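I have a structure I would like to understand better, so I am pasting it below and will then ask my questions one at a time.
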Amino acid sequence: MGTPLHGSLASCQRRRRQLMRMAGEDAIVIVPSATERVRSRDTYFPYRQDSDLLYLTGFPEPDAVLALIPGRTHGEAILFCRERDPEREGWDGPRAGPEGAVEAFGVDDAYPITDLDDILPGLLEGRTRVYYHFGRDAEFDLKLIGWLNRVRAQVRSGAQPPHEFLELGHLLDEMRLFKDAGELKLMQRAADISIAAHQAAMRAARPGITEYQLQAELEYVFRLHDAVPAYGSIVGAGANACVLHYHSNAATARDGDLVLIDAGAEYRGYAADITRTFPVSGRFSAEQRALHDLVCDAQAAALAQARPGIAYEAGHEAAVTTLTEGLLRLGLLKGRLEKNITDGKYKRFYRHKTGHWLGLDVHDVGDYRLDGESRLLEPGMVFTIEPGLYIGADDTGVDPKWRGIGIRIEDDVAVTRDGHRVLTRALARSAEEIEEFIAASRAGEQAR
Ligand code: GLY
Ligand code: MN
Ligand code: MN
């Protein structure tokens, strides 16, 4: 409690006002908190607030609901939250309580969450439209239907129940897609912490180290800087790098292996998402190097498309073209470039898309296409560029020298007024940069 988890009180207030303007005078917006989830018996997963509620309030606690009621004279932003309870707080930590919430989070009014059932039907009454995320939390959906039915039951006494139900994401996802200066600062911080974490893992790498030990190096740095993993860290040595969402992180890295690390910090709610692939020995083999150079070229081709006015999809198309050209050059594909692209032959080695929006969620909200067309990039959008190549260990259709190599290079990019800024540029990326970084850190170790 005390201070909002991210951003400033003023930015949250500005966002609530903007959302209410967009929703209109006759609307009500309802945003519940994330629910606590049991991990095992009576222990819980670490709590993570719902991203929409974070964005609009910074409020960190479970059992809360934000209601925005534009134009309401007795307060437009109402938060329902847990009451203070010295006994429970002695076990679980401090709570803001309704009074504290008004003070610390700048809402107009706050009530105990236990009063929600009594108060919410009255807030719905007289509003025509309800903005809410239907289908995200089945239990809350049912509660909302119950409150609506309570208002409907009063129609003969003159009550006016809402009759339009709209997806909150239509308004809110569009707002969240464009990051303001404060958000970009937090995202740069998340990127900087993640860079330091990847550097620690590269420094620690040597033949015989396990994937979980490398994960420990990364996550130590996250916690050292008040961050947590934004998603399950992926540390894949050798052919494990070809498993896109590899998560067991249990194997040992052998001399000659590449290690693929896809890990990012979440700082004040904002995610970074970085992938680097490096040799545990410190030197790439000729084949590893050829594929790494190719993925690096594909990333550069995609990055060259990152500026306002260019279609989001152009980055993926540029990466696919570069990868396919390279695969033909290396003899991993045969035939003509266009045909390999239109027939999707490259998908044998490149199965995923080249990126995604990044923000409070690692795969952040926002439409990729508008009216059936790829949307154009605009300043304030942040996304990843993450081409890769994955040659299956049992792909007998390719020369054995290529088998079991998996490579991805992923950076985080913010679109600016005149181009872009790579938030993760300070981390060694090309094969030369990586070899130099590892060599320098080993020389430094010896000097000590
Ligand atoms: N780490 C998840 C992703 O790269 O999309
Ligand atoms: Mn990603
Ligand atoms: Mn990633």
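Nothing in this text is a laboratory measurement; each read-out follows from the coordinates by a stated rule. Since the structure is predicted, the reported quantities are computational estimates derived from the model, not experimental observations. Neighbour counts are summed over all protein chains in view; Cβ atoms, including those assigned to glycine, are modelled from backbone coordinates with ideal geometry.
So if the hydrodynamic radius of region 138-205 is defined as the Kirkwood radius over C-alpha pairs, what does Stokes-Einstein give as its diffusion coefficient at 4 °C and 1.567 mPa s, in µm² per second?
Once the numbers are plugged in, D ends up at 77 µm²/s.
Counting Lys and Arg as +1 and Asp and Glu as -1, what is the net charge of the other residues whose Cβ lies under 13 Å from the Cβ of ASP262?
Taking every other residue near ASP262 into account, the sum is -4.
In nm, give the distance between the simple-model label positions of HIS163 and ASP394, each being 7 Å from the Cα along the Cα-to-Cβ direction.
6.1 nm
Another question, if that's okay. What value, in deg cm²/dmol to 500, does the helix sum -39500 (n - 2.57) over DSSP H runs of n ≥ 4 give at 222 nm once divided by the residues of the chain?
-12000 deg cm²/dmol
Going 7 Å from the Cα of LYS353 in the Cα-to-Cβ direction, what parts of region 379-411 have a backbone nitrogen less than 20 Å from that spot?
From region 379-411, the list is 379-390, 408-411.
Give me the one-decimal Kirkwood hydrodynamic radius in Å for region 188-324, with the sum taken over alpha-carbon pairs.
Kirkwood radius, region 188-324: 15.8 Å.
Which residue fluctuates most in the GNM of the chain (Cα springs below 10 Å): THR128, THR396, THR424?
In the Gaussian network model the winner is THR396.
If you average the alpha carbon positions of region 279-355 and of region 61-132, how far apart do those two centres end up, in angstrom?
Measuring centre to centre over Cα atoms gives 50 Å.
While we're looking at this one, here's another question. Which of LEU19, LEU184, LEU224 ends up with the largest GNM mean-square fluctuation for the chain, with Cα atoms connected below 10 Å?
Ranking LEU19, LEU184, LEU224 by mean-square fluctuation puts LEU224 first.
Once Rh is set to the Kirkwood radius over Cα pairs, what Stokes-Einstein translational diffusion coefficient, in µm²/s, holds for region 360-417 at a temperature of 25 °C and a viscosity of 0.890 mPa s?
My calculation gives 169 µm²/s for D.
Check cross-link reach from LYS143 to the aspartates and glutamates: straight Cα distance under 16 Å, and skip same-chain residues fewer than eight apart.
ASP63, ASP115, ASP117, ASP118, GLU125
Next question. So what's the angle, to the nearest 10 degrees on a 0 to 90 scale, between helix 9-23 and the longest Cα principal axis of the chain?
Roughly 70 degrees between the two axes.
Anything over 31 Å Cα to Cα? Flag those among LYS185/LYS347; LYS353/LYS401; LYS345/LYS401, in the order listed.
Table pairs above 31 Å Cα-Cα are LYS185/LYS347.
Moving to a separate point now. Report the residue, chosen from GLY419, GLY372, GLY182, that carries the largest GNM mean-square fluctuation when the chain is represented by alpha-carbon nodes joined by springs under 10 Å.
The residue that fluctuates most here is GLY372.
Moving on to the next point. Which angle from 0 to 90°, rounded to the nearest 10, does the C-alpha axis of helix 313-329 make with the longest principal axis of the chain?
Helix 313-329 sits at roughly 20 degrees to that axis.
Turning to a different aspect of this structure: In degrees from 0 to 90, rounded to the nearest 10, what is the angle of the helix 211-224 Cα long axis to the longest principal axis of the chain?
Helix 211-224 sits at roughly 50 degrees to that axis.
Fully extended, how many nm does the chain gain between ALA447 and ASP293 (0.36 nm per residue separation, minus their Cα-Cα distance)?
52.3 nm
Dividing the convex hull volume of the alpha carbon atoms of region 10-80 by its residue count, what do you get in Å³ per residue?
So the per-residue hull volume is 84 Å³.
Over the Cα atoms of the chain, what Rg and Dmax result, in angstrom?
25.0, 85
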